[in-house]
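Data block below; observations after.
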Amino acid sequence: MSNLKFVIIFLVLSAFVASPFVLGARASSQVVAASAVSRAEEVLASAYEAVLEAEGAGANVSGLLARLSEAGDLLAQAHVSHRLGDFDSVARFADLCGEIGEEVKVEAHGLRDQAVLEADQRFRWTMTWSIAGVVAILCLSLLGWRAFKRRYHGRVLGMRPEVGSDES
Amino acid sequence: MNLEEYRTVFAVTSLALVLVAAFPTLSLVVPFPRGGERFSELWVLGPNHMAEDYPFNVRVGEEYSVFVGVGNHMGSSSYYVLYVKFRNQTQPLPNATASEPSPLPPLYEFQAFVVDGETWEAPLTFEFLEVSRFENSCLVRRVMINDVVFWVDSSSSWDSENNGFYYQLFLELWLYDVTSRSFQYHNRFVGIWLNVTAS
């Protein structure tokens, strides 16, 4: 009986002594989870902004947006887990989201640079062809006009006055 | 026609051809305004992907499903968040006039990146897990949304006009704003009414 009392007292004391550590560990995991979510949110937002830049430069970003949606699903799960107090899952989902976001961001920057180069090249080609076209049209018009004028004058100068007969 | 008139015809034709030749370059340099209104769509469809057969008379322990969707017509790819919220008849909805969201906390959420001119859709399943009823009131304790259990503890009084205990599951659409680097309520919400009397 005395042994049982001793065990109960020991357990109660252990629980009492351990509770600050348990609560502290929970608070610590809550802080870690909140920080992971905040980091993942920032990474996802900056990845989206990088994708928008790439899209603005004319790149095809549908593949990147599909991957961002995967990351968005993970971030949504992290938020839901955070609301439910499941902090281990929060950190796991947020870290995965952050990894995908970083990858997408790097790829988006690459796509943007490539799109800018291609657009620059396209612009040079278009401008070259436009200038060549304009010059060709102006030259042909001038030559055409001269030829037409010569022919017109020749026809006018070749005309001879005719004497009309008045038989009435 | 005399020579002057022929010259005018030549000049006008040449100018038109010059403009045609220069148009590809001009289109790259001069920003032409984009026409059309910019907006987003938000919808809920029934279990058969149609705007019918929505769950209404719900029972505890039965799973119901609908589909939620977003259409992007904002002129560029957009980043959306959809918050799923749950309310009784007296709790506030979003204020469409003031463009303010409902102050109720979200339960579940979706995040979606949608290409301009395209749509996004996802299933939303829900189940009432614990409902208590007293004489003229009903208390929904737990609901499950997409396999995640939420404690809601939401009570509702008997609606004598419509004969039932009514709750609403609704979704708010939020849009990421690049300028402020934060989500803004996009003034779109949609919901379905649920009668838990039969539960």
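Please treat every number below as a calculation from the coordinates, not as lab data. Values in this document were obtained by computation on a predicted structure and should not be read as measured data. Positions of Cβ are generated from backbone atoms using ideal geometry, with glycine treated the same way; all protein chains shown enter the neighbour counts.
Taking the criterion of being touching a residue at least 40 places away in the same chain (Cβ under 8 Å), closer than 27 Å to residue B:38 by Cβ and surrounded by 13 or more Cβ atoms within 10 Å (Cβ to Cβ), the residues of segment B:85-99 that qualify are B:85, B:93, B:94. Being among the charged types (D, E, K, R) and either at positive phi or within 11 Å of another protein chain (Cβ to nearest Cβ) (or both) holds for only one residue in A:150, A:122, and it is A:122. For residue A:98, the conditions (1) within 13 Å of chain B (Cβ to nearest Cβ); (2) surrounded by 22 or more Cβ atoms within 10 Å (Cβ to Cβ) all hold with the exception of (1). Could you please find all residues in segment A:121-143 being small (Gly, Ala, Ser) and either touching a residue at least 60 places away in the same chain (Cβ under 8 Å) or touching a helix residue (DSSP H, G or I) at 6+ places or on another chain (Cβ under 7 Å) (or both)? Selection gives A:130, A:133, A:141.
Can you tell which of A:83, A:112, A:67 is within 39 Å of the chain's Cα centre (by Cα), touching a residue at least 60 places away in the same chain (Cβ under 8 Å) and surrounded by 15 or more Cβ atoms within 10 Å (Cβ to Cβ)?
Details: A:83 fails: touching a residue at least 60 places away in the same chain (Cβ under 8 Å); A:67 fails: touching a residue at least 60 places away in the same chain (Cβ under 8 Å).
Answer to the check: A:112.
Looking at the structure I just gave you, is residue A:92 surrounded by fewer than 17 Cβ atoms within 10 Å (Cβ to Cβ) and part of a helix (DSSP H, G or I)? Before you say what the answer is, go through the steps one by one.
On the way: surrounded by fewer than 17 Cβ atoms within 10 Å (Cβ to Cβ): no; part of a helix (DSSP H, G or I): yes.
No, not satisfied.
For segment A:30-48, give me the residue count where each residue is surrounded by 15 or more Cβ atoms within 10 Å (Cβ to Cβ) and either within 14 Å of another protein chain (Cβ to nearest Cβ) or in contact (Cβ under 8 Å) with a residue 60 or more places away in the chain (or both).
As a first pass, look at segment A:30-48 and keep what is surrounded by 15 or more Cβ atoms within 10 Å (Cβ to Cβ): A:32-34, A:36-37, A:39-41, A:43-48.
When the remaining residues are screened for being either within 14 Å of another protein chain (Cβ to nearest Cβ) or in contact (Cβ under 8 Å) with a residue 60 or more places away in the chain (or both), the result is A:33, A:36-37, A:40-41, A:43-48.
Total satisfying the criteria: 11.
If the requirement is being free of Cβ contacts under 8 Å to residues at least 40 places away in the same chain and of a type in the set (Val, Ile, Thr), which of these qualifies: B:140, B:178, B:114, B:196? So the residue among B:140, B:178, B:114, B:196 that is free of Cβ contacts under 8 Å to residues at least 40 places away in the same chain and of a type in the set (Val, Ile, Thr) is B:178. Only one entry of B:107, B:82 meets the criterion of being surrounded by 15 or more Cβ atoms within 10 Å (Cβ to Cβ), within 11 Å of chain A (Cβ to nearest Cβ), touching a strand residue (DSSP E or B) at 6+ places or on another chain (Cβ under 7 Å) and free of Cβ contacts under 8 Å to residues at least 60 places away in the same chain, and that entry is B:107. Quick test of your reading of the structure: residue B:31 fulfils all but one of (1) surrounded by 11 or more Cβ atoms within 10 Å (Cβ to Cβ); (2) under 39 Å from the mean Cα position of the chain (by Cα). Name the failing condition by number. (1) is the only condition that residue B:31 fails. Within segment B:119-157, being outside any strand (DSSP E or B) and closer than 28 Å to residue A:66 by Cα holds for B:146, B:147.
Among the numbered conditions (1) within 10 Å of another protein chain (Cβ to nearest Cβ); (2) surrounded by fewer than 15 Cβ atoms within 10 Å (Cβ to Cβ); (3) farther than 24 Å from residue B:7 by Cα; (4) of a type in the set (A, V, I, L, M, F, W, C), the only one that residue A:74 does not meet is (2).
For segment B:84-133, filtering for residues that are out of contact with any Phe, Trp or Tyr (no Cβ under 6 Å at 6 or more places or on another chain) and under 14 Å from residue B:153 (Cβ atoms) leaves 10.
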